[in-house]
Amino acid sequence: MDLFERSILMFDELQNELNDSEFIDGGIRLELVYECCQIGIEHGIAVKTLLEASLVTSALALFRVQFEAVVRAYWLLMAATNNEILKFEIKSLADLLKNSKAPMVSEMIQQLKCIPDINHIAAHFEEFKFYHLKHLNSLVHTGQHSIMRSKLGLDDKLYSNIMKQSNGLSMLAAQILLKHSYPDKQRYIGHLRTQYRDCFLFDEDISPEEKARIHAMYTKS
């Protein structure tokens with residue numbers, strides 16, 4: 001069974017667990033967090049489907065959108081003020097037409113870095129931003145990277161890495177959901193990461209030499 005099939009099988013198991021779970025009712029804040037988590041998971045499924053169909057530029061653009069959905073979920077849960085939460089509340093069609101300013105992804109990550117309980121997650125977000133955000137933004141806006149990827153596609157290693165990283169983002173979203181289930185089921189994420197270890201890219205999967213080479217390349221750019 002290849003990476004795509006394994007990933008879809010894993011997501012089927014995750015969705016069954018989510019469907020069987022009862023979540024804490026925590027008012028508008030948790031409602032918004034849950035929505036962002038579900039959106040992030042949905043984007044993750046779409047990223048994999050688009051990659052498998054060789055629709056590379058669309059997959060990578062959505063990969064960028066998935067990242068922001070997951071960061072937004074953590075920000076809404078851990079850092080957003082009550083006034084910022086209220087800006088996301090939609091009561092009528094007119095509310096959708098308002099241009100309510102919300103923090104950009106870089107600002108959300110900076111705020112999350114100040115929260116000790118999730119410092120390790122914020123560090124992963126910051127690393128993702130450093131290595132990916134510039135060229136993924138170019139893809140979203142049909143810039144040079146979009147044209148290049150449309151011509152070149154992805155080699156097997158990039159295909160695998162992006163799918164695995166997308167899986168990791170989805171698990172971060174699912175962890176929030178299952179942490180707020182009754183009872184707390186977030187240990188299930190550990191079970192999935194163990195059972196489907198081949199579907200994830202962890203720090204130990206990249207050698208120190210490779211990491212240093214990549215870091216030097218991006219630092220010079």
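Residue-wise test of (1) farther than 22 Å from M10 by Cβ; (2) in contact (Cβ under 8 Å) with a residue 60 or more places away in the chain.
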{"site": "A46", "(1), (2)": "no, no"}
{"site": "V70", "(1), (2)": "no, yes"}
{"site": "L77", "(1), (2)": "yes, yes"}
{"site": "N82", "(1), (2)": "yes, no"}
R193 vs. criteria within 17 Å of the chain's Cα centre (by Cα), charged (D, E, K, R), under 23 Å from L77 (Cβ atoms) and open to solvent by 50 Å² or more (accessible area, probe 1.4 Å): yes
Scope segment 32-44; condition within 14 Å of Q15 (Cα to Cα) and without any contact (Cβ under 8 Å) to a residue 24 or more places away in the chain; matching residues: E42
Residue check, K129 open to solvent by 50 Å² or more (accessible area, probe 1.4 Å) and out of contact with any helix residue (DSSP H, G or I) (no Cβ under 8 Å at 6 or more places or on another chain): no
Condition met for N137 (over 14 Å from V56 (Cα atoms), of a type outside the set (S, T, Y), touching a Cys at 6+ places or on another chain (Cβ under 8 Å) and surrounded by 14 or more Cβ atoms within 10 Å (Cβ to Cβ)): no
Hits in segment 145-190 (condition: among the β-branched types (V, I, T), more than 14 Å from F11 (Cβ to Cβ) and either open to solvent by less than 30 Å² (accessible area, probe 1.4 Å) or touching a helix residue (DSSP H, G or I) at 6+ places or on another chain (Cβ under 6 Å) (or both)): I162, I176
Candidates S170, S138, S166, S146 - the one that is in contact (Cβ under 8 Å) with a residue 24 or more places away in the chain and over 18 Å from C37 (Cα atoms): S146
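The values are calculated or read from the model by the stated rules, or taken from the named source; none is laboratory data. On a predicted model such as this, the values are computed, not experimentally measured, just so you know. Neighbour counts run over all protein chains shown; Cβ positions are idealised from the backbone, glycine included. What goes into the accessible areas is simple: the full protein's heavy atoms, side chains included, and nothing from ligands, DNA or RNA. Shrake-Rupley method; radii C 1.70, N 1.55, O 1.52, S 1.80 Å.
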